[in-house]
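Novice: Mind having a look at this structure? Questions to follow.
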Amino acid sequence: MHYKAVKLVKRPGLQITPDVFQVVTEETPELNDGEILIKQTAMSLDPAMKGWMSEDRDSYIPPVELGETMRSSGVGEVVGSLNERFPVGARVMGLTGWAEYIVSDGRGMQLVPDSVSDEAVLCVLSLPGMTAYQGLMKVGRPKAGETLFVTGAAGSVGVMVGQIAKAEGLRVVGCAGSDEKCQWLQQELGFDHAINYHSANLAQALAQATPNGIDVFFENTGGPVQLLAFERMNTFGRVVVCGLIADYSSLQPAPGPSWLRVIKKRLTIQGFTMPDHWDKMEELVQAVSAYLMKGQIKYKAHTIEGLESAIEGINLLFTGGNMGKLMVKL
């Protein structure tokens, strides 16, 4: 049986251009003992992919090698199995790749109930939800009544962070790139306030939205709002550094804030990535599932169609063109 896959054949520059990818046709191999064949039904597009394409080997995860299938997470159906843990017909999620079919030894794969849609899996129960929960609850250590500020609030991780924080009794302020997104965050997702980072007076808008300062700053984007948020951190505040999408397409990273405030306010600043926590995936899925089952989490998928749509579609993440979780339906 033949299927399509997308290989990384060139390192991108500042922009991800179509020529860094090559669409190939491959033949499904014979399975070895312990392996499964997955027909992928939906896959996730995430900002971290820009880093995975780079040559940087001093990072939290090795780069995708040239000639390899582009890395992604996804969900699909087991259509062939020599692994008793994953029978034919089972639905699974995990690290897959830009391909219509995936051969896996089952490591890192999680079984998914038939009652949970592909959209719910990728929007809530896979990487975005796990990242949000681990970053907020384990790194941010929120307490009821505190104020959380989250950048990239309308993105796949940000929407989860804000809703989990609301469920835990925090005051939640988000930052997004359009008035439409800000209205959605407030009216649909229950954020207490949302500010547009294109506001004419961003400092004033943030000050008005956080009159009692910021206790937990969940950073997804970088950009001008970062320094403004840093200056509003309360004593013993926690900064969770998850992403810096504003720097991913820049030759030179933006200068960071002064460390004087770190001392004066006794701040804790921690970067984190999910590959350090793959061993906790089952625990994290259960934790996030509890919010979903209680109706405390809503989600929105921005879906594009067909494997090859990922080649152009991934840039929606860096232009702000997606609203909610960006995913590809195969």
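The values are calculated or read from the model by the stated rules, or taken from the named source; none is laboratory data. Small disclaimer: the values here were computed from a predicted structure and weren't measured. Virtual Cβ from ideal backbone geometry, glycine too; neighbours counted across all protein chains shown. Accessible surface areas use protein heavy atoms only, side chains included; no ligands, DNA or RNA. Shrake-Rupley method; radii C 1.70, N 1.55, O 1.52, S 1.80 Å.
Novice: Among the residues of the stretch 289-303, write down those that are in contact (Cβ under 8 Å) with a residue 40 or more places away in the chain and more than 14 Å from the chain's Cα centre (by Cα). Let's see the steps before the verdict.
Specialist: Step one: filter the stretch 289-303 for residues in contact (Cβ under 8 Å) with a residue 40 or more places away in the chain, giving 289, 291-292, 294, 296-301, 303.
Once the filter is applied, which keeps residues that are in contact (Cβ under 8 Å) with a residue 40 or more places away in the chain and more than 14 Å from the chain's Cα centre (by Cα), the stretch 289-303 yields Ser289, Tyr291, Leu292, Lys294, Gln296, Ile297, Lys298, Thr303.
Novice: Related question: Would you mind stating whether Val88 is within 25 Å of Gln286 (Cα to Cα) and crowded, with 16+ Cβ neighbours inside 10 Å? I'd like the intermediate steps shown before the answer.
Specialist: Numbers: within 25 Å of Gln286 (Cα to Cα): yes; crowded, with 16+ Cβ neighbours inside 10 Å: no.
Against the criterion (within 25 Å of Gln286 (Cα to Cα) and crowded, with 16+ Cβ neighbours inside 10 Å), Val88 does not qualify.
Novice: If you take the residues in the stretch 285-303 that are modelled with pLDDT of 90 or more, surrounded by 18 or more Cβ atoms within 10 Å (Cβ to Cβ) and among the aliphatic types (A, V, I, L, M), which one is nearest to Met327 (Cα to Cα)?
Specialist: Ala301
Novice: If you take the residues of the stretch 48-76 that are β-branched (Val, Ile, Thr) and either free of Cβ contacts under 8 Å to residues at least 12 places away in the same chain or assigned to a strand (DSSP E or B) (or both), which of them is farthest from Ser115 (Cα to Cα)? If you could, list the steps in order and put the result at the bottom.
Specialist: Taking the stretch 48-76 first, the residues β-branched (Val, Ile, Thr) are 61, 64, 69, 75.
Next, only the ones that are either free of Cβ contacts under 8 Å to residues at least 12 places away in the same chain or assigned to a strand (DSSP E or B) (or both) stay: 69, 75.
Details: Thr69: 30, Val75: 14 Å.
The selected residue is Thr69.
Novice: Another one. Please work out if Pro253 is more than 30 Å from Gly94 (Cα to Cα) and surrounded by 15 or more Cβ atoms within 10 Å (Cβ to Cβ). Break it down into steps so the answer makes sense when it comes.
Specialist: Numbers: more than 30 Å from Gly94 (Cα to Cα): yes; surrounded by 15 or more Cβ atoms within 10 Å (Cβ to Cβ): no.
The answer is no for Pro253.
Novice: Another question, then. Go through the stretch 96-118 and report how many residues are open to solvent by 10 Å² or more (accessible area, probe 1.4 Å) and either among the acidic types (Asp, Glu) or closer than 19 Å to Glu26 by Cα (or both).
Specialist: Qualifying residue count for the region: 9.
Novice: Can Ala167 be described as open to solvent by less than 30 Å² (accessible area, probe 1.4 Å) and either under 20 Å from Asn322 (Cα atoms) or at pLDDT 95 or above (or both)?
Specialist: no
Novice: Let me ask something additional. Restricting to the stretch 130-164, what's the tally of residues that are touching a Cys at 6+ places or on another chain (Cβ under 6 Å) and either of a type in the set (S, T, N, Q) or open to solvent by 10 Å² or more (accessible area, probe 1.4 Å) (or both)? Quick ask: steps written out before the conclusion?
Specialist: From the stretch 130-164, those touching a Cys at 6+ places or on another chain (Cβ under 6 Å) are 135, 151, 153; that's our starting set.
Adding the requirement that they be either of a type in the set (S, T, N, Q) or open to solvent by 10 Å² or more (accessible area, probe 1.4 Å) (or both) leaves 151.
Going through the stretch 130-164 one residue at a time, the tally reaches 1.
Novice: Where in the stretch 139-229 are there strands (runs of 3 or more DSSP E), lying wholly inside it, with at least 1 residues that are more than 19 Å from Ala246 (Cβ to Cβ) and in contact with a Phe, Trp or Tyr (Cβ under 9 Å, 6 or more places away or on another chain)?
Specialist: Ranges flagged: 147-151, 171-176, 214-219.
Novice: Hey, any hits in the stretch 229-247 for a residue that's open to solvent by less than 20 Å² (accessible area, probe 1.4 Å) and either of a type in the set (D, E, K, R) or free of Cβ contacts under 8 Å to residues at least 24 places away in the same chain (or both)?
Specialist: yes
Novice: Out of everything in the stretch 25-47 that is β-branched (Val, Ile, Thr) and surrounded by 14 or more Cβ atoms within 10 Å (Cβ to Cβ), what residue ends up being farthest from Ser117 (Cα to Cα)?
Specialist: Filtering first and then ranking leaves Thr28.
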